[in-house]
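Shown next, in structure tokens, is the structure this report addresses.
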């Protein structure tokens, strides 16, 4: 049943201009950030670090825009009642909708392959490092998406879902930055400060974007996705009577 929901959701993206607008904006902004703001040619290095370095900020705005409709639209239109009458468990429904959105993000990411071809043409890059960067980028998108999906389940208003989802993703993104940690280091124990820093998406993505595969980084994103999808399931169960 997960596959049925996945196909239904994936098809719904391309039934509206949303999918095409998202892909066009993502590809255009990736190119602008990489070649202009990232000083791709001025660096004189055959890698995609400028490309990956802007992904957290691109996802911060674009992924909540995808996630906001996952449950808010279902609740607003009343179609959630039809979905919940199908012979599927709540976990299957949540997972199916999430996987469809995550695969869609993966499709948009895969369409940036000309960047990889450009680097390969201009030099001799470390293709393993680039592949790892793509993996890390997709995992990070999944983390943002799981957070946004859970937030979407709490409201019928897509605009509210987008704003709250963006704020929640932003907090996870910058939790390892000095401006955040300095606010706790003066009074909080080191264990708490370290725990807050460990929640930063940026910290765990940086290593992967440079081609360094560490199990803790992969497990972090996997844990974030599972935890927020579990919370998503609980929220939908609680909101069924609304």
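Summary of computed values
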{"item": "Test for residue 46: is it farther than 17 Å from residue 137 by Cβ, touching a helix residue (DSSP H, G or I) at 6+ places or on another chain (Cβ under 9 Å), assigned to a loop (DSSP other than H, G, I, E, B) and modelled with pLDDT under 85", "result": "yes"}
{"item": "Condition met for residue 149 (farther than 28 Å from residue 238 by Cα, crowded, with 23+ Cβ neighbours inside 10 Å, in contact with a helix residue (DSSP H, G or I) (Cβ under 8 Å, 6 or more places away or on another chain) and touching a residue at least 12 places away in the same chain (Cβ under 8 Å))", "result": "no"}
{"item": "Qualifying residue in the range 64-71 (condition: more than 15 Å from residue 13 (Cβ to Cβ) and free of Cβ contacts under 8 Å to residues at least 40 places away in the same chain)", "result": "no"}
{"item": "Filtered residues of the range 208-223 (kept if surrounded by 15 or more Cβ atoms within 10 Å (Cβ to Cβ) and either closer than 15 Å to residue 172 by Cβ or in contact with a strand residue (DSSP E or B) (Cβ under 7 Å, 6 or more places away or on another chain) (or both))", "result": "217, 220, 221"}
{"item": "Residues of the range 87-118 classified as assigned to a helix (DSSP H, G or I) and in contact with a helix residue (DSSP H, G or I) (Cβ under 7 Å, 6 or more places away or on another chain), total", "result": "21"}
{"item": "Of all residues in the range 186-201 being in contact with a helix residue (DSSP H, G or I) (Cβ under 7 Å, 6 or more places away or on another chain), farther than 17 Å from residue 148 by Cα and in contact (Cβ under 8 Å) with a residue 12 or more places away in the chain, the one that is surrounded by the fewest Cβ atoms within 10 Å (Cβ to Cβ)", "result": "197"}
{"item": "Among residues of the range 159-186, those that are at pLDDT below 90 and either more than 17 Å from residue 204 (Cα to Cα) or touching a strand residue (DSSP E or B) at 6+ places or on another chain (Cβ under 8 Å) (or both), counted", "result": "6"}
{"item": "Failed item, numbered, when residue 174 is tested on (1) in contact with a helix residue (DSSP H, G or I) (Cβ under 6 Å, 6 or more places away or on another chain); (2) farther than 24 Å from residue 101 by Cβ", "result": "(2)"}
{"item": "Residues (surrounded by fewer than 16 Cβ atoms within 10 Å (Cβ to Cβ) and closer than 27 Å to residue 66 by Cα) located in the range 171-185", "result": "171, 177"}
{"item": "Test: residue in the range 108-131 that is buried (at least 17 other Cβ atoms within 10 Å of the Cβ) and within 19 Å of residue 219 (Cα to Cα)", "result": "yes"}
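Yes/no matrix, rows are residues, columns are (1) touching a helix residue (DSSP H, G or I) at 6+ places or on another chain (Cβ under 8 Å); (2) assigned to a helix (DSSP H, G or I); (3) surrounded by fewer than 20 Cβ atoms within 10 Å (Cβ to Cβ); (4) modelled with pLDDT under 85:
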{"residue": "25", "(1), (2), (3), (4)": "yes, yes, yes, no"}
{"residue": "30", "(1), (2), (3), (4)": "yes, yes, no, no"}
{"residue": "34", "(1), (2), (3), (4)": "yes, yes, no, yes"}
{"residue": "71", "(1), (2), (3), (4)": "yes, yes, no, yes"}
{"residue": "82", "(1), (2), (3), (4)": "no, yes, yes, yes"}
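The values are calculated or read from the model by the stated rules, or taken from the named source; none is laboratory data. Small disclaimer: the values here were computed from a predicted structure and weren't measured. Virtual Cβ from ideal backbone geometry, glycine too; neighbours counted across all protein chains shown.
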